[in-house]
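Written out below as structure tokens is the structure these notes cover.
The values are calculated or read from the model by the stated rules, or taken from the named source; none is laboratory data. Small disclaimer: the values here were computed from a predicted structure and weren't measured. All Cβ positions, even for glycine, are placed from backbone atoms using ideal geometry, and neighbour counts span all protein chains on display. For accessibility, only protein heavy atoms count, side chains too; no ligands or nucleic acids. Shrake-Rupley method; radii C 1.70, N 1.55, O 1.52, S 1.80 Å.
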Amino acid sequence: MSEQNVADRALKDKHRAMWASGDYAAVAREVIPALGPVLVEACGVRAGQRVLDVAAGSGNVAIPAALAGAGVVASDLTPELLEIGRADAAARGADLEWRQGDAEALPFGDAEFDAVLSCVGVMFAPHHREAAGELVRVCRPGGTIGLVNWTPEGFIGQMFAVLKPYAPPPPPGAQPPPLWGDPAHVSALLGDRVEGLETVRRTVRIDRFGKPEEFRDFFKAHYGPTITVYRNIADDPDRTAALDEALTDLARRHDLGEGIMEWEYLLVTARKRA
Ligand SMILES: C[S@@+](CC[C@H](N)C(=O)[O-])C[C@H]1O[C@@H](n2cnc3c(N)ncnc32)[C@H](O)[C@@H]1O
């Protein structure tokens, strides 16, 4: 294996461990369950289609797509999340396939799927050009590519900006996830391999947290990227307290009353050029 491949494997192992830490499935289930069905509907997923959910986690898109009658494969770097999704799907009567796979090297053939979807998922693969290339490759000509990506300006984009000064330095060549929420970046990534590209800013209403501190404590305990940053400063109580306050302040500034927040995302839809 080349030196570069060894480094990439180590990076992906680290990412897998990060997403397996805490309880991401609880975030999907309790905080953003509305986003999966948004993408399924926006892409007109229906019975008879073959659909791939990339970076599917516990199946936020894949399960509603399967319940809509499509033949679905849920693929993710983190098998621990796929296992949770498998149990949830069985409980909800959804029949689909679960496959471990890196979004930058998907374990599928060219043009295998009618629709290739990803909800706040592919944006976390570190090499954007490679990941975008894979979305296009596995989609059939005329098929749909649909994404939900957190925007840099929205709540989660701003949360990553708050975390950054406390985070370990990013590995060389890794790009920041919220860039996928910038329409110009997505357009450049997909390029002329797609047509009919539409990017729409929308928000999802969050009503899980009664108080800003509840948001902070939930993400500190459940959300891998936040957990990783807290671990990085675990031996520095002053910085830990400063990050506690910065995250609480972020949630406070977005509180529309009684803990309701609106988190902005970019809804992307396009057709692979025939
Ligand atoms: C914020 S979660 C989103 C999961 C799911 N799509 C949802 O809507 O709940 C991000 C997901 O990206 C996955 N992921 C991160 N890097 C990846 C990569 N290189 N290839 C495939 N999946 C990856 C993580 O394992 C995690 O499940």
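Sorted largest first by accessible area at a 1.4 angstrom probe radius, with every protein chain in place, the residues D235, D255 fall in the order D235, D255. Using only helices, what value at 222 nm comes out for the chain when you add -39,500 (n - 2.57) per DSSP H run of length 4 or more and divide by the total residues, to the nearest 500 deg cm²/dmol? Rounded to the nearest 500, it is -13000 deg cm²/dmol. Along the Cα-to-C-beta direction of E195, a point sits 7 Å from the Cα; which residues of segment 248-274 have their amide N less than 14 Å from that point? Counting only backbone N, you get 270-274. Rounded to the nearest 0.05, the FRET efficiency derived from the C-beta distance between R140 and D95 at R0 = 22 Å is 0.50.
What size of dipole, in debye to the nearest 20, comes out for segment 194-274 about its Cα centre when the only charges are +1 on Lys and Arg C-beta atoms and -1 on Asp and Glu C-beta atoms?
Numbers: 14 positive and 16 negative charges, 128 e Å.
The calculated dipole for segment 194-274 is roughly 620 debye.
The count of lysine pairs in the chain with alpha-carbon distances below 21 Å, taking only pairs 8 or more places apart or on different chains, stands at 5.
Under 5 Å from the amide H of V194 lie the amide H atoms of R273, each residue being 5 or more positions distant or on a separate chain, with H modelled from the backbone and absent for Pro and chain starts. On the principal axes of its alpha carbon atoms, the chain extends 55, 48, 37 Å, with the longest extent given first. When ligands, DNA and RNA are left out and all protein chains stay put, how many square angstrom of accessible area per residue does the chain have with a 1.4 Å probe? It amounts to 44 Å² per residue over the chain.
Let me know the charge dipole size of segment 98-195 about its Cα centre in debye, to the nearest 20, where only the beta-carbon of Lys, Arg (+1) and Asp, Glu (-1) is charged.
Numbers: 6 positive and 11 negative charges, 42 e Å.
That gives segment 98-195 a dipole magnitude of about 200 debye.
Can you tell me the dipole magnitude for the chain around its Cα centre, using point charges on the Cβ only (Lys, Arg +1; Asp, Glu -1), in Debye to the nearest 20? Spell out each step's value before the answer.
Details: 29 positive and 39 negative charges, 115 e Å.
Here the chain has a charge dipole of around 560 debye.
Modelled this way, with points 7 Å down the Cα-to-C-beta line, the labels at M1 and R29 are 3.3 nm from one another. Projected onto the charge dipole of segment 183-260 (+1 at Lys/Arg Cβ, -1 at Asp/Glu Cβ, origin at the Cα centre), which of V186, P212, H254 gives the Cα projection farthest towards the positive end? Selected residue: V186. Sites listed here are GluC sites (Glu not before Pro) in segment 127-236 whose DSSP assignment is loop and whose Cβ has at most 16 other Cβ atoms within 10 Å: E153.
Values of log10 I(q)/I(0) for segment 115-271 across q = 0.13, 0.15 Å⁻¹ run -0.67, -0.84, by the Debye formula with one identical scatterer at each alpha carbon and no solvent.
Extension gain A47-D235, at 0.36 nm per residue separation less the Cα-Cα distance, in nm?
Net length gain for the segment: 62.4 nm.
Just the number, please: Stokes-Einstein D of segment 32-169 in µm²/s, Kirkwood Rh from C-alpha pairs, 37 °C, 0.692 mPa s.
Working: Rh = 15.1 Å.
Reported coefficient: 217 µm²/s.
Expressed to the nearest 5 percent, the antiparallel share of DSSP beta bridges inside segment 72-186 is 10 percent. Full extension of the chain between R253 and R9 gives 84.0 nm of extra length, using 0.36 nm per residue less the Cα-Cα distance.
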